Amino acid sequence: MFCRVRLVSHLPRWSPGTNHKLWKLRCLLPQCPKLGAKMSAGQSQKAETRDKGTLQELKVPFARTETGTFFQEQPRIGNQYLEDAFLQRYLKTHLPSQVLEKVSLDLERFGARVTAEIDSLGRECELNPPALLHYDAWGRRVDHIVTCPAWKRMKEIAAEEGLIAEAYERKYSIWSRVQQVSKLYLYAPSAGLFTCPLAMTDGAAKVIEGSKGLSLFFLEVRDKEGKLNGIEVQRLKQKLGTRQVPTAELLLDGSKAHRISAEGRGVASIANMLTITRIHNVISAVAGMRRVINLAREYASKRVVFGKLIKDHPLHMQTMARLEVETRGAFLMLMEIARLLGLEETKMASEQDLHLLRLLTPVAKLYTGKQAIAVISEGLECFGGQGYMEDTGLPVALRDAQVLTIWEGTTNILSLDVLRSLAKSQGQVLAAFCSGVQGKLELASSISELESSVQLLQDALHRLGQFTQRVGSKGAVAMELAARDFAYTLARIYTGALLLEHAAQPDASSTDTYAAQRWCKQDLCPIDSEEKAGCYDDKAVSMDTYLVYEGNPVLKGKL
């Protein structure tokens, strides 16, 4: 016979007293029969009833295990075109009325499709990543990359919507690229990274269109029988993010390809493709920023903290406003490049337009990539712990954003590419940049609310010019050390000019003015600040190395 003892957790504090109810617990043990003694059925039932009654009378908390419930309404996306007033105002400002009407209707329709169909397909792609099947059931090597049905459906939707074709059909002439980029901007955050193959398709189409004498090869992946064309898929890469996209290491052994050009001009010829894929990188960056802000503001209107909705806490709104300014600036930079690309593709670009397109593409790619990581990270913080939970679908945005600073060139590589554009044009690219900025400030300089911001930007432009003159006499090494800050300076100044130009339009809102003012209050010319701090002199070069490798065997005997 065993003596049954009830364990009660989290008893309230008490002091022993003759009348205290907790003393009733003594009845649980002393009245248990001694070992070897027998308890009748009646006695056992009475003891159990007494035990339950005592606990009920004591009302001891957590006397039994119970699972509580908590429900927080999740943020949901609506029609991303109708909810994006900034995008609508941009299109209204720049597009001819007849084009605007057609483009707006298409984007509204497509925005509804993103919400109703595409967004759930993108989530399915994330939850069902690709897999590699090396052999079939009979031991034959097939190297088949298996993707989920949602990924295949994404391919069909891309074709149905003409996400790449619309840019080359040029139904809207010079505005076709703006229309395409706007559509991709709505599509990208919900696409399950299908934007990656679309970017490569767009780049390939750009290379092929009207190309002559390219040092390129055309290779069919499979032959007519469906067998791989001398290709072995070694493995699928395990990545931090972009897991939806099958990224493979291939071995080409005896692959048959058709040379479509003369030899020796491959790198030069592929430049057009790099322009397109880098622009797609910018699209993904800006779209990702916009999506996390849209979700965060939706959440802020539903989540109650400290007795009121998050949106009613001024500090939270200040944080989100800073993210909004970054995103608006990045958006205008994206659309400026789309506009310039449209002019180039329709043979209507001036020499200044072409110089600006060459310069702004790497600048926008490197800067918006950094912006996206910072904005999306801060955006996830707006959801508290839920922003860190995988099953909310939120963390994937940050993982995927990290590739934006790496794919098609890291920040440093692109910064050096910016310097190459200056050197190759013998300064004409930088002259076009300065002229373009001044042109965008003309209207804004006559508006009193923007006058101080215009002055800040012009001062930054002046300091940039002074820096280039000083460093030009020091040689290529000094400029290379400053390359990253130089690119950041170009990005901040030109973005500021775009925000001011937008805020100076007749139908601009007070928020457009406020966003431009907020942007121009930051350090618009970091290259000047860093130079004054001594970051580019000879001592800094050696100390940077010592700082990184201090105590490391690499520097043994050199300190």
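Give, as ranges by residue number, the residues of the range 76-100 whose backbone N falls under 11 Å from the point 7 Å along Cα→Cβ of Asp507.
88-98, 100
Using helices alone, I'd like the mean residue ellipticity at 222 nm for the chain: each DSSP H run of four-plus residues gives -39500 (n - 2.57), total over residue count, nearest 500.
-18000 deg cm²/dmol
If you filter the range 511-555 for GluC sites (Glu not before Pro), then keep DSSP loop positions with at most 14 other Cβ within 10 Å, what is left?
Those that pass, being in a loop and sparsely packed, are Glu550.
Sequence-distant or interchain residues sharing an amide H contact under 5 Å with Leu309, placed H: which?
The list, which skips near neighbours in sequence, is empty: none.
In the range 379-461, carbon and sulfur make up what percent of the accessible area (probe 1.4 Å)? Mind dumping the intermediate values first?
Details: 2260 of 4070 Å².
Summing carbon and sulfur atoms, their accessible area is 56 percent of the total for the range 379-461.
In Å², what does the accessible area per residue of the chain work out to with a 1.4 Å probe?
I get 54 Å² per residue for the chain.
In the set (i) 28.0; (ii) 26.3; (iii) 24.6, which value of Kirkwood radius over Cα pairs in Å was calculated from the structure you see?
So the calculated entry is the one marked (i).
Once you order the gyration tensor axes a ≥ b ≥ c over the Cα atoms, which shape class does the range 91-232 get: rounded for a/c under 1.5, otherwise prolate or oblate by comparing a/b with b/c?
oblate
At each listed q (0.18, 0.19 Å⁻¹), what is the log10 of I(q)/I(0) that the Debye formula gives for the range 72-170 modelled as equal alpha-carbon point scatterers?
Debye output, listed in q order: -0.99, -1.05.
With a cut-off of 8 Å between alpha carbons and a minimum separation of six or more residues, what is the relative contact order of the range 374-519 in percent?
Dividing the mean separation by the residue count of the range 374-519 yields 24 percent.
Using θ = phi - 60° and the Karplus curve 6.51 cos²θ - 1.76 cosθ + 1.60, what whole-Hz ³J(HN,Hα) does each residue of the range 279-294 get, with Gly and Pro shown as x?
With coefficients 6.51, -1.76 and 1.60, one gets 5, 4, 4, 5, 4, 4, 5, 5, 5, x, 4, 4, 5, 5, 5, 4 Hz.
Enter the angle in degrees (range 0 to 90, nearest 10) between the Cα long axis of helix 351-381 and the first principal axis of the Cα atoms of the chain, meaning the one along which they spread out most.
The answer is roughly 10 degrees.
Would you calculate the separation in nanometres between label points at Glu160 and Leu240, each defined as 7 Å from the Cα along the Cα-to-beta-carbon direction?
Going by the 7 Å Cα→Cβ label model, 3.5 nm.
R0 = 41 Å: FRET efficiency of Lys152 with Lys532, Cβ-based, nearest 0.05? Write down the numbers at each step before the final one.
Details: r = 56 Å, r/R0 = 1.37.
With R0 = 41 Å, the Cβ-Cβ based efficiency is 0.15.
Apply 1/(1 + (r/R0)^6) to the Cβ-Cβ distance of Asp312 and Gln74, taking R0 = 30 Å, and write down the FRET efficiency to the nearest 0.05.
Taking R0 as 30 Å, the efficiency between Asp312 and Gln74 is 0.90.
So how many Å³ per residue does the convex hull of the Cα atoms of the range 312-450 work out to?
Normalising the Cα hull of the range 312-450 by residue number yields 150 Å³.
Tally up the carbon and sulfur contribution to the accessible surface of the range 246-352 as a whole percent, 1.4 Å probe, everything protein left in place.
On the way: 2750 of 5040 Å².
Looking at the range 246-352 in its full context, I get 55 percent from C and S.
Can you give me the long-range amide H partners of Val142? Hydrogens built in the peptide plane at 1.01 Å from N, cutoff under 5 Å, separation of 5 or more residues or another chain.
Amide H neighbours of Val142: Tyr135, Asp136.
Once you put a point 7 Å from the Cα of Ser542 and another 7 Å from the Cα of Gln522, both along the Cβ direction, what distance in nm separates them?
Placing both labels 7 Å beyond Cα along the Cβ direction yields 3.5 nm.
Can you tell me how much longer the chain between Leu82 and Val554 gets when fully stretched, taken as 0.36 nm per residue apart minus their C-alpha distance, in nm with one decimal? Let's see the in-between values first.
Numbers: separation 472, 0.36 × 472 = 169.92 nm, distance 5.73 nm.
Stretched fully, the Leu82-Val554 segment lengthens by 164.2 nm.
Can you tell me the equivalent ellipsoid semi-axes for the range 395-470? Use √(5λ) from the Cα gyration tensor, largest first, whole Å.
30, 22, 11
Under the 0.36 nm per residue contour assumption, what length would be gained going from the current alpha-carbon distance of Leu127 and Ile406 to full extension?
Gain on stretching Leu127 to Ile406: 98.1 nm.
Quick one: compute the contact order of the chain, relative version, from alpha carbon pairs under 8 angstrom and 6+ residues apart, as a percent.
Over the chain, the number comes to 11 percent.
Taking square-rooted eigenvalues a ≥ b ≥ c of the alpha carbon gyration tensor, is the range 382-508 rounded, prolate or oblate, where a/c under 1.5 means rounded and, failing that, a/b exceeding b/c means prolate?
Oblate.
For Val304 and Val221, what is the calculated FRET efficiency with R₀ set at 45 Å and r taken between the beta-carbons, to the nearest 0.05? Don't jump to the answer; show the numbers that get you there.
Details: r = 54 Å, r/R0 = 1.19.
For R0 = 45 Å, the calculated efficiency reads 0.25.
Between the DSSP loop rule and a limit of at most 15 other Cβ atoms within 10 Å, which GluC sites (Glu not before Pro) in the range 133-203 are left?
none
Would you please classify the overall shape of the range 163-219 from the alpha carbon gyration tensor, given that a ≥ b ≥ c denote the square roots of the eigenvalues, rounded means a/c under 1.5, and beyond that prolate means a/b larger than b/c while oblate covers the rest?
Cα axes put the range 163-219 in the oblate bin.
What do you get for GluC sites (Glu not before Pro) in the range 434-513 restricted to DSSP loop and a cutoff of at most 14 other Cβ within 10 Å of the site's Cβ? Please list the in-between numbers first.
Numbers: sites: Glu442, Glu449, Glu451, Glu480, Glu501; in loops: Glu442.
Listed in order of number, the matching sites are Glu442.
Taking a quarter of the surface of the Cα convex hull of the range 497-559, what do you get in nm²?
Details: hull surface 26.2 nm².
Quarter of the Cα hull surface area: 6.6 nm².
Residues in the range 511-533, backbone N under 20 Å from the label point at Lys474 (7 Å along the Cα-to-beta-carbon vector): list them, ranges by number please.
Label zone hits: 524-533.
Mind ranking 275-288, 508-521, 419-432 by how tightly packed they are, going by the mean number of other C-beta atoms within 10 angstrom, highest first?
Ranking the peptides 275-288, 508-521, 419-432 by packing returns 275-288, 508-521, 419-432.
Just list whichever of Lys239/Lys365; Lys440/Lys474; Lys155/Lys206; Lys102/Lys521; Lys370/Lys424 have alpha carbons separated by over 28 Å in the model shown. Each step should come with its number before you reach the end.
Working: Lys239/Lys365 21 Å; Lys440/Lys474 32 Å; Lys155/Lys206 19 Å; Lys102/Lys521 38 Å; Lys370/Lys424 26 Å.
Result: Lys440/Lys474; Lys102/Lys521 exceed 28 Å.
Dividing the convex hull volume of the alpha carbon atoms of the range 362-416 by its residue count, what do you get in Å³ per residue? Don't skip to the end; give the middle numbers.
Numbers: hull volume 3.3 nm³, N = 55.
Convex hull of Cα atoms, per residue: 60 Å³.
Measuring from label point to label point, each 7 Å out along Cα→Cβ, what is the Met200 to Val142 span in nm?
2.1
Roughly how many Å is it from the Cα centre of the range 384-433 to that of the range 509-559, as a whole number?
Using only Cα atoms, the two centres lie 18 Å from each other.
Residue by residue, what Karplus-based ³J(HN,Hα) values in Hz, rounded to whole numbers, does the range 120-131 have, using 6.51, -1.76 and 1.60 with θ = phi - 60° and x for Gly and Pro?
After applying 6.51 cos²θ - 1.76 cosθ + 1.60, I find 5, 5, x, 5, 5, 4, 5, 7, 10, x, x, 9 Hz.
Residue by residue through the range 193-199, what is 3J(HN,Hα) from phi via Karplus (6.51 cos²θ - 1.76 cosθ + 1.60, θ = phi - 60°)? Round to whole Hz and write x for glycine and proline.
Per-residue couplings from phi come out as 6, 5, 4, 5, x, 5, 4 Hz.
The values are calculated or read from the model by the stated rules, or taken from the named source; none is laboratory data. Since the structure is predicted, the reported quantities are computational estimates derived from the model, not experimental observations. Note: ideal-geometry Cβ built from the backbone for every residue, glycine included; neighbour counts use all protein chains shown. The area values use the complete protein model at the heavy-atom level, side chains included, leaving out ligands, DNA and RNA. Shrake-Rupley method; radii C 1.70, N 1.55, O 1.52, S 1.80 Å.
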